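These notes concern the structure reproduced below.
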């Protein structure tokens, strides 16, 4: 059974949702038969294509400022929003450091994830990119940084760098985003389970587990002779 998850590597609730989904999957009896596919979704396609990885990070207000601009709130309100999501992340064992976060365009990161899918290490690369952004303050719009992070998660750094210097997988990213629009997905994370159920948001693990179990049961063929009788 396939679970497709639309998300972004700079989306806090996507990181939280990933951890909750993993908790649900750990409790799912048929977890070894689940194929997890990470689909592309850009929270902000207008974000800068690159960022200076050598610039000071702790005094960079851009992450908070962009949040304030996005929701039309003050910087103090944006900081309060960051504190709330940081607390939610901590409850899932995640360490969010908004003081280090370096916003940037994520199209290249999604291209790396498509390469990772072809090489069988997509989940590992996804985890590495999320931790790099939210905990380490890595500039995930910077191509050399992406190649390094990908290598740490199982991809070949040289192959990743060559891919990033081309247009490879860009069409795949755009196809994921077009499909999201076709499915009516406007926010992430969004889970599509066996093309039967759609779950929006970072739902509790219990909710995700219930959906997995329901979809699995419905996908199973009826038992031989079920519903028949001799009259």
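Annotations for the structure displayed:
- Any chance residue 93 is surrounded by fewer than 17 Cβ atoms within 10 Å (Cβ to Cβ), in a loop (DSSP other than H, G, I, E, B) and out of contact with any strand residue (DSSP E or B) (no Cβ under 6 Å at 6 or more places or on another chain): yes
- Hey, residue 111 closer than 30 Å to residue 157 by Cβ, part of a loop (DSSP other than H, G, I, E, B) and in contact (Cβ under 8 Å) with a residue 12 or more places away in the chain or not: no
- Applying the criterion of being in a helix (DSSP H, G or I) and without any contact (Cβ under 8 Å) to a residue 60 or more places away in the chain to the residues of segment 114-125, the residue that is farthest from the chain's Cα centre (by Cα) is 118.
- Taking helices (runs of 4 or more DSSP H) as the structural unit, those lying wholly within segment 138-231 and holding at least 3 residues that are touching a residue at least 60 places away in the same chain (Cβ under 8 Å) and over 21 Å from the mean Cα position of the chain (by Cα) correspond to 205-219.
Residue by residue, here is whether (1) over 12 Å from the mean Cα position of the chain (by Cα); (2) buried (at least 19 other Cβ atoms within 10 Å of the Cβ); (3) modelled with pLDDT of 95 or more; (4) outside any helix (DSSP H, G or I) holds:
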| position | (1), (2), (3), (4) |
| --- | --- |
| 3 | yes, yes, yes, yes |
| 10 | no, yes, yes, yes |
| 15 | no, yes, yes, no |
| 25 | yes, no, yes, no |
| 29 | yes, no, yes, yes |
| 32 | yes, no, yes, no |
| 39 | no, yes, yes, yes |
| 44 | yes, no, no, yes |
| 49 | yes, no, no, yes |
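- Residue check, residue 128 out of contact with any strand residue (DSSP E or B) (no Cβ under 9 Å at 6 or more places or on another chain), in a helix (DSSP H, G or I), crowded, with 16+ Cβ neighbours inside 10 Å and touching a residue at least 12 places away in the same chain (Cβ under 8 Å): yes
The values are calculated or read from the model by the stated rules, or taken from the named source; none is laboratory data. Remember, it's a predicted structure, so these values are computed and weren't measured experimentally. Every residue, glycine among them, receives a Cβ derived from its backbone with ideal geometry; neighbour counts consider all protein chains shown.
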